[in-house]
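Below is one structure, written out as structure tokens; comments come after it.
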Amino acid sequence: MSVLLDVQDLTVRFALPRPKLFAERPYLEAVRQVSFRLEAGKALGIVGESGSGKTTTAMAAIRLIEASGGKVLFDGADLLQLAPEDMRQKRRDVQLIFQDPYSSLNPRARVADIVREPMDLMEIGTMEERQARVVELFRLVGLRPDQLNLFPHQFSGGQRQRISIARALTTNPKLLVCDEPVSALDVAIQAQILNLLAKLKAELGLSYLFISHDLGVVRHVCDDVAVMYLGKIVEQAPKATLFDAPQHPYTQALLAAAPSLARRKSAGYVRPLKIAGDPPSPINPPKGCAFAERCPKAQEVCRAVPPVLEHKGGAGAVACHFPG
């Protein structure tokens, strides 16, 4: 399969106030040289704790947050180098589904206008064609045409997220960035939305960049998974490989912390020790492995030498001196 999205050494830094008048300006290292590839028609899940940089990575990749360095090749074009008007045209191919369906829809607009808005802004088709497209998308996401003239407050949370999905599909995108799209929904409704996303991916050939802290959700939707910690990817692998034989201690800890996640344990896999403490500060990242102070397997080399994300005999890649 062809590579749709190729992110190379993506870096995001946020400038902070100077502690003193002539002091050196500190920076928060939110994303630190992250690289990954997403094939057309596939779904890549990015998981990690709050503050790990997963949402910032996705937003920087589609230029909703300014990146400090790196490349983001989408269909061969570097999104970070495109002129504003060229990037505006690329927005047709890249759309976003937000986390909260309650705040991402204009409460004063009828849902037909909300779904049609991207086509209006990009001047796609005639007004009659746009209206027909809205009706088609409503059916596609499981809503009725007689609901077109209602307002967002007249829908449930799951229905609002279906409206958000319909809005994202209006421009026939190639890539959907899903930023925790079910975290604000009840568990039963989550399953419905995840099944809808899986169905749309298969029927329309969509690619997903799926951001979530819920490993069960990622396992249901994604083909590959990247695990982030303190702004870096520490492990990346196909879904089956990562869930059955996690290599990085942090990945093992995430899986162990989700007892409801049904998964097979590979031969030799040992439930890791419970990790304690908080991640280091992204303002002053440690010299070696960022996970070293919380890792039960850490040795002196871990604190001195940063591990490199590389293949070590398995199907995936891991950034760890002592994987497995």
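The values are calculated or read from the model by the stated rules, or taken from the named source; none is laboratory data. Just so we're clear, the structure is a prediction, and the values are computed from it rather than from any experiment. As a convention, Cβ positions derive from the backbone with ideal geometry for all residues, glycine included, and neighbour counts pool all protein chains shown. Note: areas computed on protein heavy atoms with side chains; ligands, DNA, RNA excluded. Shrake-Rupley method; radii C 1.70, N 1.55, O 1.52, S 1.80 Å.
Couple of notes before you dig in:
- Candidates per trypsin sites (Lys or Arg not before Pro) in region 1-74, loop by DSSP, up to 11 other Cβ within 10 Å: LYS20
- For the chain, the relative contact order works out to 20 percent when only alpha carbon pairs closer than 8 Å and six or more residues apart are counted.
- Under the combined filter of DSSP loop state and at most 14 neighbouring Cβ atoms within 10 Å, region 282-324 retains these trypsin sites (Lys or Arg not before Pro): LYS287, LYS312.
- Taking 25 °C and 0.890 mPa s as conditions, the chain diffuses translationally at an estimated 116 µm²/s according to Stokes-Einstein applied to its Kirkwood radius (Cα pairs).
- Ellipticity at 222 nm from helices only: DSSP H runs of n ≥ 4 in the chain, each -39500 (n - 2.57), divided by the residue count, give -8500 deg cm²/dmol.
- Pair ARG88, GLU39: separation of 7 Å Cα→Cβ label points (nm): 3.6 nm
- Hull shadow area, averaged, region 46-86 [alpha-carbon convex hull, nm²]: 3.4 nm²
- Cα-based helix-to-principal-axis angle, 157-169 vs the chain, degrees rounded to 10: 80 degrees
- Prolate/oblate/rounded label for region 88-170 (Cα gyration tensor, a/c 1.5): oblate
- Student exercise, the chain dipole from Lys, Arg, Asp, Glu Cβ charges, in Debye to nearest 20: 660 debye
- Each of the peptides 234-242, 187-195 was scored by the mean count of other Cβ atoms within 10 Å over its residues; in descending order, highest first, they stand as 234-242, 187-195.
- Debye equation applied to the C-alpha atoms of region 24-113, log10 I(q)/I(0) at 0.12, 0.13, 0.23 Å⁻¹: -0.50, -0.59, -1.33
- Here region 276-323 and region 70-114 have alpha carbon centers that stand 34 Å from each other.
- What you get for region 6-118, charging only the Cβ of Lys and Arg (+1) and of Asp and Glu (-1), is a dipole of about 300 debye around the Cα centre.
- Farthest positive-ward along the chain dipole, Cα basis, beta-carbon charges - from GLY76, LEU10, ILE211: ILE211
- Pairwise FRET efficiency - ASN172 versus VAL305, Cβ, R0 = 51 Å, nearest 0.05: 0.60
- For q = 0.18, 0.24 Å⁻¹, Debye-computed log10 I/I(0) when each Cα of region 92-132 counts as one equal scatterer: -0.60, -0.94
- Low-density loop cleavage sites - GluC sites (Glu not before Pro) in region 1-71, where at most 10 other Cβ are within 10 Å (DSSP): GLU24
- Each of GLN161, MET87, GLY51 was scored by the projection of its Cα onto the charge dipole of region 27-169, and the greatest displacement toward the positive side belongs to GLN161; charges sit on the C-beta of Lys, Arg, Asp and Glu.
- Taking every protein chain into account, the accessible area of the chain amounts to 49 square angstrom per residue (probe 1.4 Å).
- Comparing LEU38, LEU16, LEU169 in a Gaussian network model of the chain where C-alpha atoms under 10 Å apart are linked, the largest mean-square fluctuation is found at LEU16.
- Counting DSSP beta bridges with both ends in the chain, the antiparallel % (nearest 5): 60 percent
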